[in-house]
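What follows is one structure encoded as structure tokens, with my remarks underneath.
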Amino acid sequence: MLSQYSASSRLREDVLNPPSEIEVQALWFEQLYPRELTTDDGRTVEIVQPGFWNHGGGPDFTRAVARFRKEGQSEEQLTIGNVEVHLRPGDWNAHGHDADPAYNDTILHVVWESKGSKAFFPATASFRRVPQIVLGSQLVAPWAELQPLCAGVLHRPLPGAMAGRCSPALAALPAEQVAEILRAAGLYRLRQKARRWYWRRQLAGPQQMLFEALAEALGFHANQIPMRLTAQRLPWSKLRGLSHEERLAHLFGLAGFLPDESVARLRVEPKAWLRNLWEIWWKARGELDYALLPKSQWKLAGQRPLNRPERRLAALAQLVPRLPELQSALKARDPEPFAKVLLGIRDSFWEKHATLTGTPLKAPCRLIGEERVDDILINIFWPIISLDEPEAAERGMRLIHAAANGAARVASQRLLTSRLTSKQLREGLIQQGLLQVFRDYCQADCSSCRDCTFPEQIKSWAKF
Ligand code: SF4
């Protein structure tokens, strides 16, 4: 490929600009560097896996695997973590990663160049120095020759992972057999989720289990744990006896989202909302002092305004009086009324705000949108149904059209399920199966597929 592309670059008359940051990310993703690189602290590092390319918030590559060596000695353990890419060393601090705990697991800082005499040592918020690689001087060929290769991957949607060793074996199977393998993995995942809710139902009762499950789902990955803790510390049985404003005051107060100072800085509408709640909260606070959540429990950086935990807490408050309706829909095994309740909740203040201090949203937005509802059906409704009626849950999961999701997209690029139709790829059960295979095999692999047993398993299934 290099000889093919280098001819065109030799004919190039215009001067090629240095790469942009996304192009340096593409160089890293395509592994256009020798297997062993040198870090700024004089070590040799073997890049076993460059990691999964993350196009959302947080580090650029997740779950990279590297082996550091010093003076020809191999360290005993592989190092697994994230990789952050920038053009220059100082960008680490300029982008605030030195104070952001989301970058604490960074194992390599990859930069294009390091100019000037002043040395810069990137460090995490936990004060750990991050080894740095200057990639521009360690590529397999000059940038002019590699630029066309990078341009080849920089088409939208950007890839998240390379196809794995199992992809040819999967591609050799009939599409329906691939779909059945993934459905079986999806059922396994459904049973795992159901088992968890089973124990919670035994311990806390069906209403409280559902309340905690909804709170966790509203936490949407980043804030699942603090949302669940809030629902455990303020159980449904306590909240149902309160007025709506009292519920809001308790939930926001316990979660640490009622600012008790600088109220004067707020706009008129948030200030009125907050005053109302403070009137209730200052009297109730003493009783809940032991259970207050520290603000550090919440992940706020990098959250889209519509996913802010304040809006999720407001949604949870609205769901308290509607829990019996949701419970009836569960008993009837009917996802439609369940979804209707979720989509129907309204809050005149939080539909227009993402935070108390920020500017209001341009247009009112539902507290729970359709994608989140599908997610709740997949992760809560059908797993709970499967506790008592697994066949009904399997049928329901086959009928759900799951929204495109970043993790499933990366999983499908890795396993290269190109044989599946787009309808099959959107089937809830198949998407769950993809996520399960990705979790059990790809996320456990540290050998760039070499030691993974999944391809051999596929070959054994191919015989049947
Ligand atoms: S780690 Fe295993 S399952 Fe994942 S892509 Fe590689 S071979 Fe496939």
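The values are calculated or read from the model by the stated rules, or taken from the named source; none is laboratory data. All of these numbers come straight from a predicted model, not from anything done at the bench. Because the Cβ atoms are built from the backbone with ideal geometry, glycine has one as well, and the counts that use them run over all protein chains shown. We work out accessible area using only protein heavy atoms, side chains counted, and drop any ligands, DNA or RNA first. Shrake-Rupley method; radii C 1.70, N 1.55, O 1.52, S 1.80 Å.
Quick grid of which residues meet (1) in a helix (DSSP H, G or I); (2) without any contact (Cβ under 8 Å) to a residue 60 or more places away in the chain:
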position: 114; (1), (2): no, no
position: 126; (1), (2): no, yes
position: 140; (1), (2): no, no
position: 146; (1), (2): yes, no
position: 160; (1), (2): no, no
position: 173; (1), (2): no, no
Of the candidates 233, 189, the one satisfying the condition of being open to solvent by 40 Å² or more (accessible area, probe 1.4 Å), of a type outside the set (Ser, Thr, Tyr) and either under 24 Å from the mean Cα position of the chain (by Cα) or at pLDDT below 95 (or both) is 189
Quiz item: Does residue 216 meet the test of being open to solvent by 40 Å² or more (accessible area, probe 1.4 Å) and either within 24 Å of residue 300 (Cβ to Cβ) or not assigned by TED's automatic domain parsing to the domain that holds residue 359 (or both)?
Solution: no
When segment 91-114 is checked residue by residue, the ones that are of a type in the set (A, V, I, L, M, F, W, C) and open to solvent by 60 Å² or more (accessible area, probe 1.4 Å) are 94, 99
Filtering segment 207-229 down to residues that are more than 17 Å from residue 102 (Cα to Cα) and among the β-branched types (Val, Ile, Thr) yields none
The residue from 426, 419, 439 that alone is charged (D, E, K, R), within 16 Å of the ligand (Cβ to nearest atom) and touching a residue at least 12 places away in the same chain (Cβ under 8 Å) is 419
Residue 340 fails exactly one of (1) out of contact with any helix residue (DSSP H, G or I) (no Cβ under 9 Å at 6 or more places or on another chain); (2) in a helix (DSSP H, G or I), namely (1)
Report task. Take residue 291 and decide whether it is surrounded by 15 or more Cβ atoms within 10 Å (Cβ to Cβ), small (Gly, Ala, Ser) and at pLDDT 90 or above. Result -> no
Checked 191, 247 against criteria (in contact (Cβ under 8 Å) with a residue 60 or more places away in the chain, in the same structural domain as residue 287 (by TED's automatic domain parsing) and farther than 30 Å from residue 445 by Cβ); the one match is 247
The residue from 354, 402, 392 that alone is away from the ligand (no atom under 16 Å from the Cβ), under 30 Å from residue 29 (Cα atoms) and open to solvent by less than 30 Å² (accessible area, probe 1.4 Å) is 402
**Message:** Being at pLDDT 95 or above, assigned by TED's automatic domain parsing to the domain that holds residue 191, more than 16 Å from the ligand (Cβ to nearest atom) and not acidic (Asp, Glu) is the requirement here; does residue 387 meet it?
**Reply:** no
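Given the structure, is residue 433 within 16 Å of the ligand (Cβ to nearest atom), touching a residue at least 60 places away in the same chain (Cβ under 8 Å) and of a type in the set (Gly, Ala, Ser)?
Against the criterion (within 16 Å of the ligand (Cβ to nearest atom), touching a residue at least 60 places away in the same chain (Cβ under 8 Å) and of a type in the set (Gly, Ala, Ser)), residue 433 qualifies.
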Scanning segment 135-178 for residues that are among the charged types (D, E, K, R) and more than 14 Å from the ligand (Cβ to nearest atom), the one most open to solvent (accessible area, probe 1.4 Å) turns out to be 156
Given the condition part of a helix (DSSP H, G or I), in contact with a helix residue (DSSP H, G or I) (Cβ under 8 Å, 6 or more places away or on another chain) and over 13 Å from residue 313 (Cα atoms), answer yes or no: does some residue in segment 215-224 qualify? no
Next item on the list: Would you check if there is a residue in segment 362-370 being assigned to a helix (DSSP H, G or I), surrounded by fewer than 16 Cβ atoms within 10 Å (Cβ to Cβ) and touching a residue at least 60 places away in the same chain (Cβ under 8 Å)?
Entry: no
Going through (1) of a type in the set (A, V, I, L, M); (2) part of a helix (DSSP H, G or I); (3) open to solvent by 10 Å² or more (accessible area, probe 1.4 Å); (4) at pLDDT 95 or above one by one, residue 242 fails only at (2)
Residue 450 vs (1) at pLDDT 90 or above; (2) near the ligand (Cβ under 10 Å from one of its atoms); (3) open to solvent by less than 10 Å² (accessible area, probe 1.4 Å): all pass except (3)
Apart from one, (1) among the charged types (D, E, K, R); (2) surrounded by 14 or more Cβ atoms within 10 Å (Cβ to Cβ); (3) modelled with pLDDT under 95 all hold for residue 325; the odd one out is (3)
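Quick check on this structure: which one of 425, 429, 434 is open to solvent by less than 20 Å² (accessible area, probe 1.4 Å) and out of contact with any Lys or Arg (no Cβ under 6 Å at 6 or more places or on another chain)? Spell out how you get there, then give the answer.
Values: 425 fails: open to solvent by less than 20 Å² (accessible area, probe 1.4 Å); 429 fails: out of contact with any Lys or Arg (no Cβ under 6 Å at 6 or more places or on another chain).
Only one candidate qualifies: 434.
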